[in-house]
Amino acid sequence: MLLNPHEYDPAHFDAETRRLLRATIDWFEQRGKAKLTEDYHARTFYADFLEFAGKEGLFSTFLTPAANAEGHPDKRWDTSRVAALSEILGFYGLNYWYPWQVTILGLGPVWQSGNDVARKRAADALDAGGVGAFGLSEKDHGADIYSSDLVLTKDGDGYRANGSKYYIGNGNCARTVSVFGRIDGVEGPDQYVFFYADSGHPNYHVVKNVVPSQMYVAEFRLEDYPVHAEDILHVGAEAFSAALNTVNIGKFNLCFGGIGMATHSLYEAITHAHNRVLYGKPVTDFPHVRREFVEAYARLTAMKLFSDRAVDYFRSAHPDDRRYLLFNPITKMKVTTEAQKVIGLVADVVAAKGFEADTYLAMSKNDIDGLPKLEGTVAVNLALIAKFMPNYLFAPQEYAPVPTRTDAVDDEFLFRQGPARGLSKVRFHDWKTAYAEAGHIPNVALFTEQAGSLVKLLTEAAPDEAQQADLDFGLALTELFTLIVYGQLILEQAGITGLDDEVVDQIFAVLVQDFSVAAVDLNGKASSTEAQQAIALAALRKPVVDAGRFENVWARVRALSGVYAMHP
């Protein structure tokens, strides 16, 4: 289940997809770990990677929708292979995942646009080896797009754009920059606009890189930048929706970047620890070390299961099935924070080794905290998730089963998601089904009891109006809800893949603990009532302990020692 570059051969993909994924791995492996770490610490811009990607047509093949492929048989926007590449790039470091990620964001408003001239321009730029950038955030307003200070003023048949953008990845070199702004003198939703800009234009000024990193996260300024009709991507409410829908598309990849980073970190840590002798015995003979490794493995396996299953819902979405809109922020919020935990666990084991300049772990420890903060903070995504809670828990709807989606087709619905509203109306299939089917697994049964406590709280001690306005209380409540959704897709994917019950049981031992921690947090909130506190504390459970199960899962982790090490 875990990515191993030495044995990677994704047979479910077509030949050209396999070639490009393998070529990407080979490029990093031949380049070697010494070069990877040296460039990281020297903050060397990744121009060589962008050159490789351009030469191979990597971004062009994976990020050009079939509608703009001009008959090229391998070009499409296929979320399953986008996810695969995101995981590979994360495996070799956040700095290589990042230019891919912000290219995806930069292309979002273009592929959602009906402007054929702009679409052709973006496709040609990708063919030429170019990358994209998403000009949304501003220094003073962040991603508060209601308050944009980048203003377009009328100039004959077009406009002149003035203002700056901040935190813009690839903003130093992107030939496709989707810029969000507002039209001077227009009020209400009609003032918003997305337009196409080019970092090579003389009126486009790169101010600086705002981060101390290999990544170029630009501040750029437009000074009387000419915007013509052929540059306009969206206007009015459509521009607002394009911004949010682009983030829907882009933030899905954060989970796979985190999975890649956590996987590489686990390989490096288990190989080091299992071959290190302290006090006359291997480090991995210590019980606390085994516990940390088993927990890290369980969390990483859960991350992979949830995210892989979420791909299927993403690809199967249509106007009458928007369940992906819940699973998407959970991949962004939950999986990325789980990646933090996995890397934290293995870093605790290797201790001082994890600070050494020639280790991957030194890089991943430094970078992993960025993922939960990109494309909306954890709090922002929890608040989004809360909108789905009533229908998910209390109003299930029948749907046809969603199959595993690795077919080579274009996910064109992602670029016609429509208005970014109506989230509270999205319906879901019955979450209890997946739990019932796995009810014979001890910790799944225990977790199902805990899930019932949240249902009880919402029916017998529902938040009052004041609590509903209390974001701190609401976030704690939503954390409990998130765990239920997370567990559901883990169980679905475990069933599809035939994962051993012992591993599933170990995963849910972790989730039982996490639910208990979240319940204690809810109990302690300033506004929680006595009734809510009683239900929350009654939900506390100790996971079912099974020494044989633990040893069998530990044997899986121990077997990873020496399985992968990056070419020197």
Looking at region 410-424 only, could you name the residues that are open to solvent by 60 Å² or more (accessible area, probe 1.4 Å) and not in a helix (DSSP H, G or I)?
R416, P419, R421
With (1) surrounded by fewer than 17 Cβ atoms within 10 Å (Cβ to Cβ); (2) over 30 Å from V557 (Cβ atoms) as the list, and T497 as the residue in question, which single condition is left unmet?
(2)
Is one or more of the residues making up region 517-529 touching a residue at least 24 places away in the same chain (Cβ under 8 Å) and out of contact with any helix residue (DSSP H, G or I) (no Cβ under 7 Å at 6 or more places or on another chain)?
yes
Among the candidates K332, K304, which residue alone is over 24 Å from R556 (Cβ atoms) and either open to solvent by less than 10 Å² (accessible area, probe 1.4 Å) or within 15 Å of the chain's Cα centre (by Cα) (or both)?
K332
Over region 286-322, the set of residues in a helix (DSSP H, G or I), hydroxyl-bearing (S, T, Y) and over 15 Å from S265 (Cβ atoms) is S307, Y313
Mind checking which residues of region 192-219 are part of a loop (DSSP other than H, G, I, E, B) and free of Cβ contacts under 8 Å to residues at least 40 places away in the same chain?
D198, G200, H201, P202, N203, V211
Which condition number in (1) closer than 20 Å to D78 by Cβ; (2) of a type outside the set (V, I, T); (3) buried (at least 24 other Cβ atoms within 10 Å of the Cβ) is the one that R315 fails?
(3)
Within region 452-477, residues being within 25 Å of the chain's Cα centre (by Cα) and either buried (at least 23 other Cβ atoms within 10 Å of the Cβ) or free of Cβ contacts under 8 Å to residues at least 40 places away in the same chain (or both) number 1
Filter region 264-320 down to residues that are of a type in the set (D, E), within 30 Å of N245 (Cβ to Cβ) and touching a residue at least 60 places away in the same chain (Cβ under 8 Å), then give me how many there are.
2
Hey, can you tell me all the residues within region 95-125 that are touching a residue at least 40 places away in the same chain (Cβ under 8 Å), open to solvent by 10 Å² or more (accessible area, probe 1.4 Å), over 23 Å from the mean Cα position of the chain (by Cα) and closer than 19 Å to L414 by Cα?
N115, R119, K120
If you take just the strands (runs of 3 or more DSSP E) that sit entirely in region 131-191, which of them hold at least 3 residues that are touching a Leu at 6+ places or on another chain (Cβ under 6 Å)?
158-169, 176-183
Those residues of region 478-493 which are open to solvent by 10 Å² or more (accessible area, probe 1.4 Å) and under 14 Å from I507 (Cα atoms) amount to L491, E492, Q493
Across region 384-393, what is the number of residues that are surrounded by fewer than 17 Cβ atoms within 10 Å (Cβ to Cβ) and either free of Cβ contacts under 8 Å to residues at least 12 places away in the same chain or part of a loop (DSSP other than H, G, I, E, B) (or both)?
0
List the helices (runs of 4 or more DSSP H) inside region 461-568, counting only whole elements, that have at least 1 residues being β-branched (V, I, T) and modelled with pLDDT under 95.
471-497
Subset of region 341-358, residues more than 12 Å from L266 (Cα to Cα) and either part of a helix (DSSP H, G or I) or among the polar types (S, T, N, Q) (or both), comes to A351, A352, K353, F355
Under the condition of being buried (at least 17 other Cβ atoms within 10 Å of the Cβ) and free of Cβ contacts under 8 Å to residues at least 60 places away in the same chain, which residue from region 430-444 is nearest to T64 (Cα to Cα)?
W431
Going through region 56-109 one residue at a time, which ones are touching a strand residue (DSSP E or B) at 6+ places or on another chain (Cβ under 6 Å) and hydrophobic (A, V, I, L, M, F, W, C)?
V102, L105, L107
So which residues in region 149-165 are touching a residue at least 40 places away in the same chain (Cβ under 8 Å) and either among the aliphatic types (A, V, I, L, M) or crowded, with 21+ Cβ neighbours inside 10 Å (or both)?
L150, L152, Y159, A161, K165
Given the residues V553, V512, which is the only one that is within 24 Å of the chain's Cα centre (by Cα) and open to solvent by less than 10 Å² (accessible area, probe 1.4 Å)?
V512
Selection count, region 178-221, where residues are farther than 23 Å from Q101 by Cβ and crowded, with 21+ Cβ neighbours inside 10 Å:
3
With respect to Y40, determine if the residue is touching a helix residue (DSSP H, G or I) at 6+ places or on another chain (Cβ under 6 Å), aromatic (F, W, Y), more than 28 Å from V179 (Cα to Cα) and open to solvent by 10 Å² or more (accessible area, probe 1.4 Å).
yes
Report yes if T17 is modelled with pLDDT of 95 or more, over 15 Å from F91 (Cβ atoms) and open to solvent by less than 20 Å² (accessible area, probe 1.4 Å), otherwise no.
yes
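The values are calculated or read from the model by the stated rules, or taken from the named source; none is laboratory data. Everything numeric in this text was worked out from a predicted model, so none of it was measured. Methodologically, a virtual Cβ is constructed for each residue, glycine included, from the backbone with ideal geometry; neighbour enumeration extends over all protein chains shown. For the accessible areas, the whole protein counts, side chains as well, though only heavy atoms, and no ligand, DNA or RNA atoms are used. Shrake-Rupley method; radii C 1.70, N 1.55, O 1.52, S 1.80 Å.
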